[in-house]
Amino acid sequence: MEPTPSKSFLHETIPQSGLVAYFCMEIAIRPEMPTYSGGLGVLAGDTLRSAADLGIPLAAFTLLHRKGYFQQHLDASGLQTEEVQPWNPSDFCTDEPARVTVAVEGRTVTVRAWRYDLTGQFGHIVPIYLLDTDLEENSGWDRGLTDHLYGGDTNYRLQQEIVLGMGGVRMAHALGLRINVYHMNEGHAALLTLALLESQLGGGPEGVAKAKELAQVLNAGMCASRRVTDKGWMPRQLQVGLTGKAIAPRLYFSIGLRGAPNHTVSIKRSETIVAINSDPDATCFELAHIGLVGDWAPLTQALIDAFRRRQAP
């Protein structure tokens, strides 16, 4: 009689080509961590436990909720009172070194992530990243954006959803995670679609501004793909590619470009090409001499800071 296998068939056959990024406003991880309020969080926790047991390549993103939902108390008359549920994330999670930023009502808010490893019955780990804005560089209001689950008014909730959706996508890039599928458990993380669109467009107007800042530090010129000039973010005369001009600089920074042949044909004579892209399989890396895999925004800022330090007296 054949022995019963210790792992399911599904566990053995799931492809490992990339991760599913699972976004949810609340996740029931463990009772000591008040990061959930009810059914949605319990369902999310069960889903992630099943993913860990089945060996599914998945990473989850949620908010930290430092003060939980609320603890309910009923007095002898049946009147309800509530109190916060503070907890210390360092007791259960690891503080990741990566930092990303999001724009909230014109303010720059820095976000970090605490990692909790959810281990399945066969040892597979599903990492859960709990986003946190309680950092010294943020204002008092912004430090509290990840305090309360479903707290405050609609404005507070919308700002939380910016942190979850846009901050979560940027954090995934900053952590070097290779994401193939983004799953939103309900609509709280819907703004991640804007972050993905922004990434596809090389950062949009914000990306152009950051590229200009790098060019100023290097005392260099700028050029752009047709996608950028068609949007009106840079003048047409700076376009390179089949429908633009060819260049041969000593140093060329390719920021967020996929590396389509109709663009790269115009830069092949560059002496050194540095490519920055969040997709490790982007074709721009085939032509590059130096490749940086990650979110364009923090990587470009890191280059700007590094060049400024070298130029300082």
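Side notes on the structure shown:
- Qualifying residue in region 250-259 (condition: surrounded by fewer than 20 Cβ atoms within 10 Å (Cβ to Cβ), modelled with pLDDT of 90 or more and not assigned by TED's automatic domain parsing to the domain that holds Gly165): yes
- Boolean, Glu206 is surrounded by fewer than 17 Cβ atoms within 10 Å (Cβ to Cβ) and at pLDDT below 85: yes
- Single unsatisfied condition, Met1 versus (1) aliphatic (A, V, I, L, M); (2) out of contact with any Gly (no Cβ under 7 Å at 6 or more places or on another chain); (3) modelled with pLDDT of 80 or more: (3)
- Looking across region 81-118, just one residue is touching a helix residue (DSSP H, G or I) at 6+ places or on another chain (Cβ under 6 Å) and part of a loop (DSSP other than H, G, I, E, B), and that is Ala98.
- The criterion of at least 3 residues that are assigned by TED's automatic domain parsing to the domain that holds Leu164 and under 23 Å from Gly120 (Cα atoms) is met by the following strands (runs of 3 or more DSSP E) wholly inside region 17-80: 19-23, 58-63.
- Of the listed requirements (1) surrounded by 19 or more Cβ atoms within 10 Å (Cβ to Cβ); (2) under 30 Å from Gly18 (Cβ atoms); (3) touching a residue at least 24 places away in the same chain (Cβ under 8 Å), Ala224 misses just one: (3).
- Filtered residues of region 73-121 (kept if more than 30 Å from Gln301 (Cβ to Cβ) and either touching a residue at least 60 places away in the same chain (Cβ under 8 Å) or among the small types (Gly, Ala, Ser) (or both)): Ala76, Ser77, Gly78, Val84, Phe92, Leu118, Thr119, Gly120, Gln121
- Residues in region 260-274 that are modelled with pLDDT of 90 or more and not in a loop (DSSP other than H, G, I, E, B) were compared, and the one that is surrounded by the most Cβ atoms within 10 Å (Cβ to Cβ) is Ile273.
- Scan of region 214-242 for residues that are out of contact with any helix residue (DSSP H, G or I) (no Cβ under 6 Å at 6 or more places or on another chain) and of a type outside the set (Gly, Ala, Ser), ordered by number: Gln216, Leu218, Asn219, Arg226, Arg227, Val228, Asp230, Lys231, Pro235, Gln237, Leu238, Val240
- Figure legend. Inter-residue proximity from region 133-155: first residues in the same structural domain as Asn88 (by TED's automatic domain parsing) and within 14 Å of Glu105 (Cα to Cα), second residues modelled with pLDDT of 90 or more and not hydrophobic (A, V, I, L, M, F, W, C), beta-carbon distance below 6 Å, spacing 6+ or different chains. Indicated pairs: Asn138/Thr110; Asp142/Thr133; Leu145/Thr133; Leu145/Gln159; Leu145/Gln160.
- Within the option set Gly39, Gly55, being more than 24 Å from Ala195 (Cα to Cα) and surrounded by 13 or more Cβ atoms within 10 Å (Cβ to Cβ) holds for one residue only, Gly55.
The values are calculated or read from the model by the stated rules, or taken from the named source; none is laboratory data. This is a predicted model, so every value here is computed, not measured. As a convention, Cβ positions derive from the backbone with ideal geometry for all residues, glycine included, and neighbour counts pool all protein chains shown.
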